[in-house]
Amino acid sequence: LRQGLDKTRRNIVNQLKAIVGQGPLNQVAVDEIEAALLQADVGVEATDYIIHSLQQKLKEKALPPDEAITYLKKILRDMLDKPLKESGSFSLERGNLNIWLITGVNGAGKTTTIGKLARLAQKSGYNCLIGAADTFRAAAVEQVKIWGERSGVEVVANPSKNVDPASVVFDAINAAKSRGIELLLVDTAGRLQNKKNLMDELSKVRRTISKKAPDAKVESLLVLDATLGQNGLRQAEVFSQAAKLSGVVLTKLDGTARGGVALAVVQQLSLPIRFIGAGEGIDDLRPFSSYEFVEALLG
Ligand code: GDP
């Protein structure tokens, strides 16, 4: 992760270290920190929060460089942990059916993430199945099948044209129940052009789930491309209005200087980050840890 966040780290940290290295933190330095955070796509709202917290601390005492970095790390960890704490634990219930709806615009890394999640679940000993319910893009079903093969997880799909996503979910739940599946990953729509369609489609899928599998533990994850920075955040806002999201998977954190967007996600959307993707390979996904993230960023 540290390597993946290298560009973001160089972007923020070198500036921050130069700023706090000048001596005890003062208002001039705080202004410079503000500029550095905005540049790393931390976003206005999250930056304001961080700066306000720093200023509160400065009212108590001037901070020597080491303490300033330590305190800044704590602010960032607390911000990242806040929605994690509020949304409760995120885990797979063994022996029960867990259904994760995966959404996100084309190109964000949705298919890749589904393959990686399937692999992660398999490796941890969960029976997993994929439902190919992004039926709008013909290629989406084929791509998801390729990832299914890579991760050794079966894919439920319907080869006919213009299939209702909810009917794929219906079939997938039947298959999951008869095979004792613990995690059903559902590839859902990624079109933003028409918010109402997206909303209707996702609520129909949800209705199917509550009818067919009322006891299933359902999560709805948005796959978000970190390299889009603040633009990605606007997409995320539309999705969070259309779907009842329970978390975000932040992809492409390798090789972007915009890793700061993670802070904007939690601050502006109040959504926890659940996983992060840092590479194109099947094993390049890990559960999110605020400690690891902040250390990779400022450590
Ligand atoms: P989808 O259209 O949202 O399903 O996106 P895909 O899963 O097809 O991914 C789009 C592109 O992003 C592909 O070239 C992937 O290899 C790439 N990609 C996905 N996740 C990551 C990641 O974490 N890091 C990098 N570097 N590339 C990724």
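The values are calculated or read from the model by the stated rules, or taken from the named source; none is laboratory data. The shown structure was predicted, so the numbers you read here are calculated from the model rather than taken from an experiment. Counting neighbours? That spans all protein chains shown, and the Cβs are built from the backbone with ideal geometry, glycine included. Calculation scope for accessible area: heavy atoms of the full protein, side chains included, ligands and nucleic acids excluded. Shrake-Rupley method; radii C 1.70, N 1.55, O 1.52, S 1.80 Å.
Under 6 Å between Cβ atoms, at least 6 apart or on separate chains: pull out the pairs that start in the stretch 96-113 with a residue that is within 17 Å of N197 (Cβ to Cβ) and assigned to a loop (DSSP other than H, G, I, E, B) and end on any residue that is open to solvent by less than 20 Å² (accessible area, probe 1.4 Å) and of a type outside the set (S, T, N, Q).
Cβ pairs passing all conditions: G104/K110; G104/G190; G104/L222; G104/V223; V105/G190; N106/G190.
Condition check: within 15 Å of the ligand (Cβ to nearest atom) and in contact (Cβ under 8 Å) with a residue 40 or more places away in the chain. Does D134 satisfy that?
yes
In the stretch 265-299, what residues are buried (at least 19 other Cβ atoms within 10 Å of the Cβ), over 12 Å from the mean Cα position of the chain (by Cα) and of a type in the set (V, I, T)?
V294
Can A46 be described as of a type in the set (G, A, S), open to solvent by less than 10 Å² (accessible area, probe 1.4 Å) and either away from the ligand (no atom under 16 Å from the Cβ) or not in a helix (DSSP H, G or I) (or both)?
yes
Any residue at all in the stretch 103-119 that is open to solvent by less than 10 Å² (accessible area, probe 1.4 Å), in contact with a Cys (Cβ under 9 Å, 6 or more places away or on another chain) and within 14 Å of the ligand (Cβ to nearest atom)?
yes
Within the set of pairs 6 or more residues apart or between chains, which connect a residue that is in contact (Cβ under 8 Å) with a residue 24 or more places away in the chain inside the stretch 116-128 to a residue that is in a helix (DSSP H, G or I) and among the polar types (S, T, N, Q) with Cβ atoms less than 6 Å apart?
A118/S151; R119/S151; C128/Q122
Consider only pairs whose beta carbons are under 7 Å apart and that are at least six residues apart or on different chains; among these, list those whose first residue lies in the stretch 186-212 and is over 13 Å from F239 (Cβ atoms) and whose second residue is open to solvent by 80 Å² or more (accessible area, probe 1.4 Å) and in a helix (DSSP H, G or I).
These pairs meet every condition: T208/F170; K212/F170.
Return the total of residues in the stretch 254-299 being at pLDDT 90 or above and within 12 Å of the ligand (Cβ to nearest atom).
12
Among the residues of the stretch 2-25, how many are at pLDDT 75 or above and open to solvent by 30 Å² or more (accessible area, probe 1.4 Å)?
Qualifying residue count for the region: 4.
Please pick out the residue among D48, D31, D81, D41 that is in contact with a helix residue (DSSP H, G or I) (Cβ under 9 Å, 6 or more places away or on another chain), more than 28 Å from Q235 (Cβ to Cβ) and acidic (D, E).
Result of the check over D48, D31, D81, D41: D31.
What do you reckon, is E93 at pLDDT below 90 and over 26 Å from A262 (Cα atoms)?
yes
Which condition does V249 not pass, out of (1) within 16 Å of the ligand (Cβ to nearest atom); (2) in a helix (DSSP H, G or I), if it passes all the others?
That leaves (2) as the condition not met.
Can you find, within the stretch 235-246, the residue that is nearest to K116 (Cα to Cα) among those that are among the small types (G, A, S), more than 15 Å from the ligand (Cβ to nearest atom) and in a helix (DSSP H, G or I)?
S240
With respect to D31, is the statement that it is open to solvent by 60 Å² or more (accessible area, probe 1.4 Å), of a type outside the set (A, V, I, L, M, F, W, C), at pLDDT 85 or above and more than 17 Å from D78 (Cβ to Cβ) true?
Here the answer is yes, as D31 does meet what is asked.
V169: over 16 Å from T251 (Cβ atoms), assigned to a helix (DSSP H, G or I) and more than 13 Å from the ligand (Cβ to nearest atom), yes or no?
Yes.
Which count do you get for residues in the stretch 232-264 that are under 26 Å from R9 (Cα atoms) and either open to solvent by less than 50 Å² (accessible area, probe 1.4 Å) or over 15 Å from the mean Cα position of the chain (by Cα) (or both)?
19
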